[in-house]
Amino acid sequence: MTTTIAPYRSQAEGARAGFPQLLRAEWTKFRTVRGWMVGLLVAVLLTVGFGLLSANGSHRSCSGPSGDVACPSPPVGPGGGMVTDTFYFVHQSLTGDGSITVRVSGFSAPEAWAKAGVIVKNGTGQGSAYAAVMVTGTHGVRMQYDYTHDQAGLPGAVSSSSPRWLRLTRSGSTLTGYDSTDGSNWTRIGAAQLAGLPSTVQIGMFAASPDSVKTLSQGIGSGGASSSPTSATATLDNVTLQGGASGATWTGSMGNRDGSPAGGGSVQGPTGGFQQDPGTGAFTVRGSGDIAPAVGGAAGDGQAVERTLVGTFAGLVVVVVLGTLFITAEYRRGLIRTTLTASPGRVRVLAAKAVVCAGAAFATGVVAAAVAIPLCTHILKANGNVLYPVGLLTEVRLVVGTGLLLAVAAVMALAVGTILRRGAGAVTLVIAVTVLPYILATASVLPTGPSEWLLRLSPAAGFAVQQSLQVFPQVDSFYTPVNGFFPLAPWAGFAVMCGWAALALGLAGHLLRRRDV
Amino acid sequence: MKLALHAEWTKLRTQPGTAALLVAAVVLTVGLSTAVAATATTASGSDPAKLALTGIYLGQVVVAVLAVTVMSGEYSTGMIRTTLGAMPRRWTVLAAKATLVAGAAALAGGVAVLGSLLAGALLLPGHGFTSAHGYPPLSPSDGAVLRAAVGSVLYLALIALLSLGVATAVRDSATAVGVVLALLFLFPILTSVVTDPHWQRHLQQIAPMTAGLAIEATTGLRGLPIGPWAGLGVLAAWAAGSLLAGGVLLRLRDA
């Protein structure tokens, strides 16, 4: 008698092997190593802690007659940004519509962006709205309004043989600028809408010349600048006022400087004056200062918000170590053989790992930045510092950007760890290509030219996503890495970093498929 | 101790990658130094010796990897159990490793520094660093340049000791390298955002990299936050502290 025994078949249903299951497996591996979760926490604490340290180490006070006092806060323009609004203003009231026309027959300008011309301004208060048509040192005729806007008019320098006619017309809240070489053929430069401009405004002529700024000695940690005041003198004749101007009486006034310079520069305030030739009626206006947006960096008095995120570098080091360990620990323990036996799609395994460690790093960065920015901003302000105001969108970019930076760095570390299969080498390589170029470029080790190329080509370009400082072409300043200005736009710089990470990940996937484990 | 040295020397010599790392340290140091010397302008930095030795920034990273793997490599393969079984005196093992790794770093450092200074001496005069502009030529007969050269070699040896100590304490190679690089690189970044001059000065005085590299300064010594030899002393203190911590942990823990 023979009996056949049916072979054993498991009653359990076959497990699904899709990408979500792979993700879950990798997340379980990451989650259950206690040291790694502690590492994420350490990354947050270090990021915030470094920010707190730097905020506590940054004080600002101005010397007054009776010891140090809190510095007066700089004026804020209609656009919400910090501005410089100190120039010599020869003005009278204008009620309703009207216009001013002048001929500039001479301009002695020590600075490229020294300015003189005609202006309509909402009162003499600092930071008030304005529109102006002006001649400049080397940038030709410009129409500028509300500090940040700048349009080019006729090119060329001004002299008695080649004068410039300027006209500014007010019609409601619209101001239109014109220029001409002969006073009869006029070209429209542009128009400005100054919302909320009251009926009575100040109209007149002005002169300004920004401080001459030089960088101080070089060396790690000393990217300072010193500034000295300059003044420009303009000769304006054929002054014609039309509309509801108050009369023929001109008043000269000079805005007060916004506190004393923080960089220990000259305390000599801006100066200016005007006189009218009784014979010809021509005006000579002399003024210093500037009417322009305030630019950050060594030449500025304020602090940039991204200073509070200095701890990102500490968080990045931790995340790079974790990203590397996520793969090299598998090689060291031999777990990689189990992993790849369970899910033979090797590129999919790598992708799942990348998603998991990118997600963990992103969350770490976002939490750290969301805590560090408000906390450190508060401390900086309590220490008397002035912060350049940033919009909500910029603030969101800083927080999300910090998370993305850490995420991409973690993926890069994972990829390099897969390529090298050695923890020490991978961590070193990733830190050496991200943090080291940043240090070389920003700590005055390298000259500006190579520094900028380093921050264009290396993965360190990604830190540009944390830049909130704005570049204004109408203000001469040191837009260099030492002063916190990256050569690439925020997302362009981040894209460079992503490109490197993608390259490393592609190579890692290729090698993982080709090699035995 | 002599036997311990011989055993460690055999391990270091036969471990794959030692030679490659030493060569990489030299090549990267000289390469970066040459690139900097070839692009330098007199306006950008005034210390020719410091400029010519910029490559140390990159070379120290490779030295750190070498020193870390000497210890962590044993932990990752389990070799440490054999080592300590054969040589139960743990301080002796650490001392032997420290001697060899510092020696290897100094050897590579010596070649790298000579190469960097040679490149600087050849390239920098073409970029305005001439006696006519107040920059004496880079020559080893100049006391300050000699000090910068010898000091840089010692700097690399101390970086190796610091890394070895950290690796002994942390055991895992990736974490150890992360800790070492964080110690080196985070201080200068923090210094650059702190605006308080006193804080800046203190940070520069205690930072292992910034203080240690003060040894390279040949001009403007009065303006330095810390003197050249005192700065190298700070790095030596960091290295001694990390070796001590590593040694105590090695002595107390199971392998």
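What follows draws every value from the coordinates through simple rules; no lab data is involved. Everything numeric here is computed off the predicted structure, so don't read it as measured data. When we count neighbours, we look across all protein chains shown, and the Cβ atoms used for this are built from the backbone with ideal geometry, even at glycine.
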Which aspartates and glutamates, if any, have their Cα less than 12 Å from the Cα of A:Lys29, not counting same-chain residues under 8 positions apart? A:Glu330
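Take peptide A:51-57, look around each residue's Cβ out to 10 angstrom, count Cβ atoms belonging to other protein chains, and average those counts.
Details: counts 2, 0, 5, 10, 2, 3, 12.
Partner-chain Cβ atoms within 10 Å, mean over residues of A:51-57: 5.
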Pair A:Gln275, B:Ala35: separation of 7 Å Cα→Cβ label points (nm): 6.0
Per-residue Cβ neighbour rank within 10 angstrom, fewest leading, A:Ile100, B:Ile206, A:Ile119: B:Ile206, A:Ile100, A:Ile119
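Please compute the average number of Cβ atoms from other chains found within 10 Å of each residue's Cβ in peptide B:193-204.
On the way: counts 18, 10, 13, 7, 5, 2, 6, 5, 1, 1, 4, 4.
That works out to 6 on average.
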Using a 10 Å cut-off around each Cβ of peptide B:168-176, what is the average number of partner chain Cβ atoms that fall inside? 6
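Averaging the inverse of every distinct alpha carbon separation and then flipping it gives the Kirkwood radius. What is it for the protein assembly as shown, in angstrom units?
Values: mean 1/r = 0.0341 Å⁻¹.
Computed over Cα pairs of the protein assembly as shown, the Kirkwood hydrodynamic radius comes out at 29.4 Å.
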Could you give the angle, 0 to 90 degrees to the nearest 10, between helix A:448-457's Cα long axis and the longest principal axis of the Cα atoms of chain A? 40
FRET efficiency for B:Ser141 and B:Ala7 from the Cβ-Cβ distance with R0 = 41 Å, rounded to 0.05, comes out at 0.50
Distance in nm between label sites at B:Gln15 and A:Thr187, each 7 Å beyond Cα in the beta-carbon direction? 7.2
What does the charge dipole of chain B about its Cα centre add up to, to the nearest 20 debye, if the Cβ of each Lys and Arg holds +1 and the Cβ of each Asp and Glu holds -1? 700
For A:Gly106, what residues show an amide H to amide H distance below 5 Å, using hydrogens built from the backbone and excluding near sequence neighbours? A:Thr235
Which order, highest average first, do A:478-489, A:127-138 follow once you tally other Cβ atoms within 10 Å for each residue and take the mean per peptide? A:127-138, A:478-489
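Just want to confirm a number: the relative contact order over chain A, from Cα pairs under 8 angstrom separated by 6+ residues, in percent.
On the way: 1157 pairs, mean separation 94.4, N = 517.
Relative contact order of chain A: 18 percent.
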Nearest 10 degrees, 0 to 90: helix B:143-170 Cα axis against chain B principal axis: 30
Step through the residues of segment B:201-212 one at a time and calculate ³J(HN,Hα) from phi using the Karplus curve (6.51 cos²θ - 1.76 cosθ + 1.60, θ = phi - 60°), rounding each to whole Hz and writing x for Gly and Pro. 4, 5, 4, 5, 6, 9, 5, x, 6, 4, 5, x
Straight-line reach from B:Lys97: which lysines have a Cα under 18 Å away, not including same-chain ones fewer than 8 places off? B:Lys2, B:Lys11
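Provide the packing ranking of A:187-199, A:318-330, i.e. peptides ordered by the mean count of other C-beta atoms within 10 Å per residue, highest first.
On the way: A:187-199: 14.9, A:318-330: 28.7.
Per-residue mean Cβ counts within 10 Å order the peptides as A:318-330, A:187-199.
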Angle check, please: helix A:19-31 long axis (alpha carbons) against the longest principal axis of chain A (alpha carbons), in degrees 0 to 90, nearest 10. 90
Over chain B, what relative contact order in percent results from Cα pairs under 8 Å that are six or more residues apart? 24
When the charge dipole of the protein assembly as shown is computed with +1 on Lys and Arg Cβ and -1 on Asp and Glu Cβ about the Cα centre, the Cα farthest towards its positive end, among B:Ala7, A:Gly123, A:Thr480, belongs to B:Ala7
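Please state the charge dipole magnitude for segment A:1-133, taken about the Cα centre, from unit charges on C-beta atoms (+1 on K and R, -1 on D and E), reported in debye and rounded to the nearest 20. List each step's numbers first, then the result.
On the way: 10 positive and 6 negative charges, 146 e Å.
With Lys and Arg at +1 and Asp and Glu at -1, about 700 debye.
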Can you give me the long-range amide H partners of A:Ile189? Hydrogens built in the peptide plane at 1.01 Å from N, cutoff under 5 Å, separation of 5 or more residues or another chain. A:Gly177, A:Tyr178, A:Asp179
Please turn the phi angles of segment A:89-104 into ³J(HN,Hα) values with the Karplus equation 6.51 cos²θ - 1.76 cosθ + 1.60 (θ = phi - 60°), one per residue in order, whole Hz, x for glycine and proline. 10, 9, 9, 8, 7, 10, 10, x, 7, x, 7, 10, 10, 9, 10, 9
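If you put +1 on each Lys and Arg Cβ and -1 on each Asp and Glu Cβ, how big is the dipole of chain A around its Cα centre, in Debye rounded to 20? Mind showing how you got there, number by number?
Details: 33 positive and 22 negative charges, 570 e Å.
Roughly 2740 debye, rounded to the nearest 20.
Please give the peptides B:82-95, A:345-358 ranked by average Cβ packing (other Cβ atoms within 10 Å per residue), highest first, as a rough proxy for protection. Don't skip to the answer; put the middle values down first.
On the way: B:82-95: 15.2, A:345-358: 20.8.
With the highest mean Cβ count within 10 Å placed first, the list reads A:345-358, B:82-95.
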Of the trypsin sites (Lys or Arg not before Pro) in segment A:416-517, those whose Cβ has at most 16 other Cβ within 10 Å and which sit in DSSP loop: A:Arg515
